[in-house]
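Here's the structure, in structure tokens; my notes come after.
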Amino acid sequence: MTTTLLIIAIIPIALWLATRFVLDGERLDQYDTPQPELTGQRTEPSDAHHGVVAMFRAGTATAPRRSRKAMLTYLRGQMDAMGDDVVFEGEFRAVDAGGVAAEWVLAPGADNARRLLYIHGGAFTMGSPRSHRAITTEYARRLRVAVLAIDYRLMPEHSRNAGIADCQTAYRWLLENGPEGASPPTCLIVSGDSAGGNLTLMLTAWARNSGLRAADAAVALSPATDSTFSSPTLKANLETDVMLGPMFGNALARLPRWVMLWASLAGNRMRPSNPLVSPAMGDLSRLPPTLIHISSAEMLAGDGVRYRNKAVSQGSQVEIGTWPFMLHVWHAFVLHLPEAREAFDHIEAFLRRNVPTLASA
């Protein structure tokens, strides 16, 4: 009886120790300040933004009840359909990027030696080059760069590591290949949103560690940077994040953080604090000029702030742009939202200021 009681007493202690010293990582709350000043200066969201929010809320309310697998298939279809309204005068060209499915997005007059690698978002389970064509075509039109949008392998059919490996493979391939064949780039930019923002920030640190040619700049839109779920805005912004709140709010509100950490370990098959899945936990020195965009209303706002503050403390040039009210990755609605066009103006100015070959493009 005494042995049984002792075992019962030890189990929660062992579980806590394993969670704290194996799964958990660096304390990032020291990087909660300074908070960034607002970049977007609107005192209220545009009418178009209200319309997009209403569309999302209606879609959430009327989504059919399905099995988890069927729901994922449905959501993937809905997300891919977002690219169907994009009108583009250029060309979408399918390509095998070293074994990774991808498409070139080529605007008229593009300089094929100037290249941008785009990594789509979608919670690592959804999305494709097609779903994010509003963003990739905007980059192609504004900068006249050859955009390579990759179709990395998604969970749960594949491991998180498979998607990471695809991004790394595409990066290496892009260093040696353009739309017309083998050639090095004169400039290289990496960008992504949400999950793709996470992969973007992972990639710039990995390239540095691997001794590869660094990107000339990186842009991460509403990125997830911390897979240990420690950011204060994950819960503080549950009600104001009209996109992620309905998708993940129930789990975050009901489950203790230690359960989420173990679930992350099981889902990603690596420690949640590993910099491959939590870029904010890694060495953030010697990074290329990097721009992060967040909405002050979204759940991942704290992820972006903490990453920026830590990177700056380690000597890297990382800037942050903050918009009030906006839904997660509002850039994807650039065809409709004036705030998204303002955000792209900010991105373009950052890139032209930091990438010499774009200054006069």
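The values are calculated or read from the model by the stated rules, or taken from the named source; none is laboratory data. Quick caveat, the model's predicted, so the values are computed rather than measured. As a convention, Cβ positions derive from the backbone with ideal geometry for all residues, glycine included, and neighbour counts pool all protein chains shown.
When each of 335, 284 is tested for being surrounded by fewer than 21 Cβ atoms within 10 Å (Cβ to Cβ), touching a residue at least 40 places away in the same chain (Cβ under 8 Å), part of a loop (DSSP other than H, G, I, E, B) and in contact with a helix residue (DSSP H, G or I) (Cβ under 6 Å, 6 or more places away or on another chain), the lone residue that passes is 335. What about residue 351, is it over 19 Å from residue 123 (Cα atoms), modelled with pLDDT of 95 or more, under 19 Å from the mean Cα position of the chain (by Cα) and not β-branched (Val, Ile, Thr)? Against the criterion (over 19 Å from residue 123 (Cα atoms), modelled with pLDDT of 95 or more, under 19 Å from the mean Cα position of the chain (by Cα) and not β-branched (Val, Ile, Thr)), residue 351 qualifies. Can you tell me which residue is surrounded by the most Cβ atoms within 10 Å (Cβ to Cβ) among those in the range 166-192 that are of a type in the set (Gly, Ala, Ser) and in contact (Cβ under 8 Å) with a residue 12 or more places away in the chain? Per the criteria, the residue is 192.
Might you check whether a residue that is of a type in the set (Val, Ile, Thr) and within 24 Å of residue 271 (Cα to Cα) occurs anywhere in the range 122-142? Yes; the residues of the range 122-142 include at least one that is of a type in the set (Val, Ile, Thr) and within 24 Å of residue 271 (Cα to Cα).
Checking 318, 334, 305 one by one, the residue that is under 25 Å from residue 133 (Cα atoms) and among the β-branched types (Val, Ile, Thr) is 334 and no other.
Pairs meeting the criteria (first residue in the range 207-230 and charged (D, E, K, R), second residue assigned to a loop (DSSP other than H, G, I, E, B), beta carbons under 6 Å, at least 6 apart or on different chains) are 208/286; 213/175; 216/355; 226/278. Counting only residues that are outside any helix (DSSP H, G or I), without any contact (Cβ under 8 Å) to a residue 12 or more places away in the chain and either hydroxyl-bearing (Ser, Thr, Tyr) or buried (at least 19 other Cβ atoms within 10 Å of the Cβ) (or both), the range 338-361 holds 1 of them.
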